[in-house]
Amino acid sequence: MILDRQNLVSDAQFINTGNIVSTDAIDLGPVQTDSLGNTPVRDVGRAEHPKMVITVTEQFAGGTSVQFQIVSATATDLTTGQVIHSQTAAIAVATLRPGYQAQLDLPVGINQRFLGVRYVVVGTNTTGRVTAGIVEARQTNPSVTQ
């Protein structure tokens, strides 16, 4: 699994409380219409199967659970016009140990310009960091949990 800076949305980001969006967003470019006024459907991973992979880089503690969501929005801060495309179930904080990975398929049909991750936290974490980004293939060695 290789992460590159252009496809990274969180880099050891502290996830403490509430609804937190990734520190960075991927700019998919302006939404354009064709000559008939139709907005073409975007396929972020055309002909491939890229994933958004969220990896825990620091043990979580203090809260109850965290849910990971792929979101798109019309503004780079990922709060305006936000749409949730896919999400995990709520994951118990005790499960979120360094090396834990969650993966979500990238959506087809995004009509917003910016793509990122939202972290929905129940409780207040005193520790807990993640790195998230788009990858072509996920690392699958035995020390990594899906």
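The values are calculated or read from the model by the stated rules, or taken from the named source; none is laboratory data. Just so you know, these numbers come straight off a predicted model, no measurement behind them. Quick reminder, even Gly has a Cβ in these numbers, built from the backbone with ideal geometry, and neighbours come from all protein chains shown.
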(request) Output the residues belonging to region 51-95 that are more than 16 Å from Asp105 (Cβ to Cβ), outside any strand (DSSP E or B) and not hydroxyl-bearing (Ser, Thr, Tyr). (result) Ala75, Asp77, Leu78, Gly81, Gln82, Ala90, Val93, Ala94
(message) Being of a type in the set (A, V, I, L, M), at pLDDT below 95 and in a strand (DSSP E or B) is the filter here; which residues of region 1-31 pass it?
(response) Leu8, Ile26
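Restricting to region 85-100, and then to whatever is within 14 Å of the chain's Cα centre (by Cα) and modelled with pLDDT of 95 or more, can you tell me which residue is farthest from Phe68 (Cα to Cα)?
Within region 85-100, the subset within 14 Å of the chain's Cα centre (by Cα) is 85-89.
Retained after the next criterion (residues that are modelled with pLDDT of 95 or more): 87-89.
Numbers: Gln87: 6, Thr88: 5, Ala89: 8 Å.
Looking at the filtered set, the residue picked out is Ala89.
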(request) Return the pairs, sorted by first residue and then second, in which the second residue is assigned to a strand (DSSP E or B) and of a type in the set (D, E, K, R), the first residue lies in region 80-102 and is closer than 15 Å to Ile54 by Cα, the beta carbons are less than 7 Å apart, and the residues are 6+ apart or on different chains. (result) Ser86/Asp105; Pro98/Glu58
(request) Give region 96-131 a look and list any residue that's assigned to a strand (DSSP E or B) and among the hydrophobic types (A, V, I, L, M, F, W, C), or say none. (result) Ala102, Leu104, Val108, Phe114, Leu115, Val117, Val120, Val121, Val122, Val130
(request) State the number of residues belonging to region 100-126 that are crowded, with 20+ Cβ neighbours inside 10 Å and of a type in the set (Phe, Trp, Tyr). (result) 2
(request) Select from region 32-53 the residues that are at pLDDT 75 or above and closer than 26 Å to Arg5 by Cβ and write down the one among them that is surrounded by the most Cβ atoms within 10 Å (Cβ to Cβ). (result) Met52
(request) Could you run through region 74-99 and say how many residues are surrounded by fewer than 19 Cβ atoms within 10 Å (Cβ to Cβ) and under 17 Å from Ala12 (Cα atoms)? (result) 3
(request) Taking the options Val71, Val56, name whichever one is farther than 30 Å from Pro30 by Cα and surrounded by 18 or more Cβ atoms within 10 Å (Cβ to Cβ). (result) Val56
(message) For the structure I just gave you, tell me whether Leu115 is among the aliphatic types (A, V, I, L, M) and in contact (Cβ under 8 Å) with a residue 60 or more places away in the chain.
(response) yes
